[in-house]
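Okay, so here's the structure we're looking at.
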Amino acid sequence: MTFGKGCFHYTGALIGNARTNALAWNHGFEQNGGMNIVVFAGGVGGSRLCEGLQRAVGAESLTVIVNTADDLELYGLRICPDLDTMMYALAGLSNPDTGWGIAGDTFHNFAMLERYGVNPWFRLGDKDLATHLLRTQMLSQGLTLQEVTAELCRRLGVRARLLPMTNDKVRTVVDTDEGLFDFQEYFVKQRYQPEVRNLIYEGAEEAEPLPDALRAIEVADTIIIAPSNLYLSIDPILALPAMRDAVLNASAPIIAVTPIIGGEAVKGPAAKLMREMGQESSAVTVACHYAEFLNGFVLDVRDAELQQRIASMGIGTLVTDTLMVDADARARLACEVVNFADRLRPERLGGCTMQ
C-alpha cells in the first residue's frame, strides 16, 4: 500500500513455557469482566497515552495494538522500536526525558562499536540490548513475535496486553527526493530531513493481523487511535486489509486523539509530512484522515477554533489540554478520553472515575 494525497480513508523448554504463558496471558483479557479498551499506537505519544490509560482504567482493561512496520534487523538482532517503547512505558522503565529507551541506560556498547571503526547510527542502550538479544534468541527458536512479546511483557510485569499488529513482515519504505529509505534510515540516520514524496507499506497487503487483535476489536467497548504519527505509526496498522475491515465493522465508539497542536507535531515529523504531501498542517487533517470510521475526535484547547470544522464532518469533538507533560497529565487526558467515548455510546458503561 502506498501513501496518497488528500483527505483519504483507506529452546524447546523455553518455547513451550513462553507459548503456555502467552496463551494464559491473552486468555485473561477475554475473562477480565471489566471494560475493554483497544488502542492503536506507535511511538512516544502513543506510549504516553497508554501509560495514562493504565493508571486511569487499570492494566487489565487495556489492549494495545502496536505498529511493527518500523522494525529492523541490526547486527543480527531483531529490534522492535514501537513495541519496546510501549513495553518499557507500561513497565515503568522508560526514559522520562526522551520517551524511548530505558531510564538510566548507558551506551558502552555504542562506544565499543566506534572503537572497532563502526559508525553506529542507531543507538542501543546497554540494558535495552538485553531485550533485543532475548527476542532474537526466542524468535530463532521458533516463537512468533506475538509469543515473544507476551513473554517479555510477562517477565517485566506488564499486565496490559501488548499485541504486535502482525507476525508477518511489514516494512515502511520512505520515498524521498533523495531516494528510497527504510523507515529507520530516514527517521534516525537522515533525521527525517529528506522531503517525502510517498510512503510504501511493503508487505501490508499480504500480512495477516493477529487473530487476538481482531477479536479484541470485535469485543472492545472503546477503540482509541493514540496521538501517534498518523502516517508512520497508525497507517501501517490500518494498511493490513483485515485490520481495516475490523475497524470499519467495529461496534465500539472510535476516538482519535490529535498528535498536532498549533499546526506542529508534539514530537516527530507528522506536521512536516503533511506539508510535504500538500496538506494543511493541522488537527483538521488528522480528523479528515480518519473520518471514515471515526465517532469522536479529541483536539487541543489551543486549537479550539478548529472544533466546528471537525464537527461539520459529523464527528463528535472534545476540546481539552492534550499536552501530556507528566504522569498526572497523561492520566487526566486518558480519563477524559474514556469518558468522552462513554458519552458517545447508547448505553453508558460508567467511563473513568479516577479523581
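The values are calculated or read from the model by the stated rules, or taken from the named source; none is laboratory data. This is a predicted model, so every value here is computed, not measured. Positions of Cβ are backbone-derived with ideal geometry, glycine not excepted, and every protein chain shown enters the neighbour counts. Note: areas computed on protein heavy atoms with side chains; ligands, DNA, RNA excluded. Shrake-Rupley method; radii C 1.70, N 1.55, O 1.52, S 1.80 Å.
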- Select from the stretch 185-211 the residues that are of a type outside the set (V, I, T) and assigned to a helix (DSSP H, G or I) and write down the one among them that is farthest from V170 (Cα to Cα). K189
- Message: Looking at M274, M324, can you tell me which residue is more than 19 Å from V38 (Cβ to Cβ) and open to solvent by 10 Å² or more (accessible area, probe 1.4 Å)?
- Response: M324
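Right, L143: hydrophobic (A, V, I, L, M, F, W, C), over 30 Å from V325 (Cβ atoms) and crowded, with 16+ Cβ neighbours inside 10 Å or not? Show your work before the answer.
Working: hydrophobic (A, V, I, L, M, F, W, C): yes; over 30 Å from V325 (Cβ atoms): yes; crowded, with 16+ Cβ neighbours inside 10 Å: yes.
Yes, satisfied.
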- Message: Need the failing condition index for L143 against (1) part of a helix (DSSP H, G or I); (2) at pLDDT 95 or above, just the number.
- Response: (1)
- Message: List the residue pairs whose Cβ atoms are under 8 Å apart, where the first residue sits in the stretch 328-355 and is more than 16 Å from A220 (Cα to Cα) and at pLDDT 95 or above, the second is open to solvent by 70 Å² or more (accessible area, probe 1.4 Å) and of a type outside the set (A, V, I, L, M, F, W, C), and the two are 6 or more positions apart or on different chains.
- Response: R330/R55; A331/R55; A334/R55
- Spot the failing condition for Q308; the list is (1) part of a helix (DSSP H, G or I); (2) under 26 Å from D221 (Cα atoms), and only one is missed. (2)
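Answer yes or no: is there a residue in the stretch 228-241 that is of a type outside the set (A, V, I, L, M, F, W, C), under 20 Å from N36 (Cα atoms) and in a loop (DSSP other than H, G, I, E, B). Walk me through how you get there before you give the answer.
Step one: list which residues in the stretch 228-241 are of a type outside the set (A, V, I, L, M, F, W, C), which gives 228-229, 231, 233, 235-236, 241.
Restricting the remaining residues to those that are under 20 Å from N36 (Cα atoms) gives none.
Taking every residue of the stretch 228-241 in turn, none turns out to be of a type outside the set (A, V, I, L, M, F, W, C), under 20 Å from N36 (Cα atoms) and in a loop (DSSP other than H, G, I, E, B).
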- Message: Can you tell me which of (1) on the phi > 0 side of the Ramachandran plot; (2) at pLDDT 95 or above; (3) not hydrophobic (A, V, I, L, M, F, W, C) is the one G117 doesn't meet?
- Response: (2)
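So how many residues does the stretch 153-182 have that are surrounded by fewer than 22 Cβ atoms within 10 Å (Cβ to Cβ) and either basic (K, R) or in a helix (DSSP H, G or I) (or both)? Working first, answer last.
Step one: list which residues in the stretch 153-182 are surrounded by fewer than 22 Cβ atoms within 10 Å (Cβ to Cβ), which gives 154-157, 159, 167-169, 171, 173, 175-182.
From what is left, the residues that are either basic (K, R) or in a helix (DSSP H, G or I) (or both) are 154-156, 159, 169, 171.
Qualifying residue count for the region: 6.
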- Message: I want to confirm something. Restricting to the stretch 311-321 and keeping residues that are assigned to a loop (DSSP other than H, G, I, E, B) and of a type outside the set (D, E), which single residue is least open to solvent (accessible area, probe 1.4 Å)?
- Response: I315
- Message: If I filter the stretch 250-271 for residues that are touching a Lys or Arg at 6+ places or on another chain (Cβ under 8 Å), on the phi > 0 side of the Ramachandran plot and of a type outside the set (D, E), do I get at least one hit?
- Response: yes
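Residues that are small (G, A, S), farther than 23 Å from L134 by Cα, open to solvent by less than 10 Å² (accessible area, probe 1.4 Å) and modelled with pLDDT of 50 or more: does the stretch 60-74 have at least one?
In the first step, residues of the stretch 60-74 are kept if they are small (G, A, S); the result is 61, 69.
Subset that is farther than 23 Å from L134 by Cα: 61.
Then drop every residue that is not open to solvent by less than 10 Å² (accessible area, probe 1.4 Å), which leaves none.
Checking the stretch 60-74: not a single residue is small (G, A, S), farther than 23 Å from L134 by Cα, open to solvent by less than 10 Å² (accessible area, probe 1.4 Å) and modelled with pLDDT of 50 or more.
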- Conditions: (1) more than 22 Å from A270 (Cα to Cα); (2) modelled with pLDDT of 95 or more; (3) of a type outside the set (A, V, I, L, M). R123 meets all but one. Number of the miss? (2)
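Can you say whether R197 is touching an Asp or Glu at 6+ places or on another chain (Cβ under 8 Å) and among the basic types (K, R), as far as the supplied structure shows? Talk me through it step by step, then tell me what you get.
Working: touching an Asp or Glu at 6+ places or on another chain (Cβ under 8 Å): yes; among the basic types (K, R): yes.
Spelling it out, R197 is indeed touching an Asp or Glu at 6+ places or on another chain (Cβ under 8 Å) and among the basic types (K, R).
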- Across the stretch 106-128, what is the total count of residues that are closer than 19 Å to V44 by Cβ, open to solvent by less than 30 Å² (accessible area, probe 1.4 Å) and assigned to a loop (DSSP other than H, G, I, E, B)? 3
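Which one of T136, T85, T149, T131 is outside any strand (DSSP E or B) and either of a type in the set (A, V, I, L, M) or surrounded by fewer than 21 Cβ atoms within 10 Å (Cβ to Cβ) (or both)? Spell out the reasoning first.
Values: T85 fails: either of a type in the set (A, V, I, L, M) or surrounded by fewer than 21 Cβ atoms within 10 Å (Cβ to Cβ) (or both); T149 fails: either of a type in the set (A, V, I, L, M) or surrounded by fewer than 21 Cβ atoms within 10 Å (Cβ to Cβ) (or both); T131 fails: either of a type in the set (A, V, I, L, M) or surrounded by fewer than 21 Cβ atoms within 10 Å (Cβ to Cβ) (or both).
None of the other options fit; the residue is T136.
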- Tell me which residues, restricted to the stretch 283-297, are open to solvent by less than 10 Å² (accessible area, probe 1.4 Å) and farther than 19 Å from Y231 by Cβ. G296
